[in-house]
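The values are calculated or read from the model by the stated rules, or taken from the named source; none is laboratory data. Note that the structure is a prediction, hence the values are computed from the model and not measured. Here the Cβ positions follow ideal geometry from the backbone for every residue, glycine too, while neighbour counts run over all protein chains shown.
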Amino acid sequence: MHKYSFIILLILSLAFVNTLQAQRKGINQTLSEHYFYNEKSDSSSLATIFGQYKDSLVYVDFWASWCKPCLEELPYSAELAEKLAGRPVVFLYLSMDESSEAWQKAVQKQPFPISARHYRRGLGAAQPLLAQLFIYSIPHYLVLDKAGKILNRDATPPSQKSTLKYLNKLLKGK
């Protein structure tokens with residue numbers, strides 16, 4: 001038991017140190033250091049990816065094909081996107097799959113919104129970024145404002161009715 005307590009304390013300490021480093025460097029520099037891959041295996045920094053969708057609200061979903069709770073949320077995400085169709089909202093899916101093949105199969109099989117944007121980075125490589133963003137489990141959701149800045153690091157999942165209300169409120173500018 002004592003051995004496990006030490007390991008847990010060590011992991012929490014490392015996450016805290018990563019968080020302090022991110023705060024010192026600034027989140028934009030941190031986002032510029034982490035690359036994700038699209039379906040064509042082209043890489044882009046997370047800062048570049050987020051910057052592509054300026055003038056739109058961005059709902060970011062951190063997920064993986066092997067994550068059952070992630071997959072259970074996807075139909076709700078498609079429904080949420082349908083309710084917000086025609087409005088300046090982008091649904092961005094960042095997969096933590098190590099395997100490109102597993103990720104691409106899941107993208108084809110699962111009920112993603114038609115307009116969804118997909119990127120992948122393996123969970124192992126993404127760990128420092130996740131710790132800096134205070135993401136300790138998936139699924140996890142972020143909301144970016146129309147300037148591409150993180151507005152909410154701990155957004156509610158698409159299955160919660162409050163998510164639609166929250167996004168509508170942001171779209172109205174209130």
Exercise for review: Kindly provide the set of residues from segment 1-60 that are of a type in the set (A, V, I, L, M, F, W, C), at pLDDT below 60 and not in a helix (DSSP H, G or I), ordered by number.
Suggested key: 1
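May I ask you to say which residue of 126, 102, 85 is within 17 Å of the chain's Cα centre (by Cα) and of a type in the set (Gly, Ala, Ser)? Reasoning before the result, please.
On the way: 102 fails: within 17 Å of the chain's Cα centre (by Cα); 85 fails: within 17 Å of the chain's Cα centre (by Cα).
Result of the check over 126, 102, 85: 126.
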Point to revise | Residue selected from segment 112-123 under the condition at pLDDT below 80 and not aliphatic (A, V, I, L, M), by the criterion nearest to residue 82 (Cα to Cα) | key: 113
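Considering only segment 66-123, how many residues are hydrophobic (A, V, I, L, M, F, W, C) and touching a strand residue (DSSP E or B) at 6+ places or on another chain (Cβ under 7 Å)?
Keep residues of segment 66-123 that are hydrophobic (A, V, I, L, M, F, W, C), which gives 66-67, 70-71, 74, 78, 80-81, 84-85, 89-92, 94, 96, 102-103, 106-107, 112, 114, 116, 123.
With the extra rule that they be touching a strand residue (DSSP E or B) at 6+ places or on another chain (Cβ under 7 Å), the set shrinks to 70, 81, 89-92, 94, 96, 103, 107, 112, 116.
Of the residues in segment 66-123, 12 are hydrophobic (A, V, I, L, M, F, W, C) and touching a strand residue (DSSP E or B) at 6+ places or on another chain (Cβ under 7 Å).
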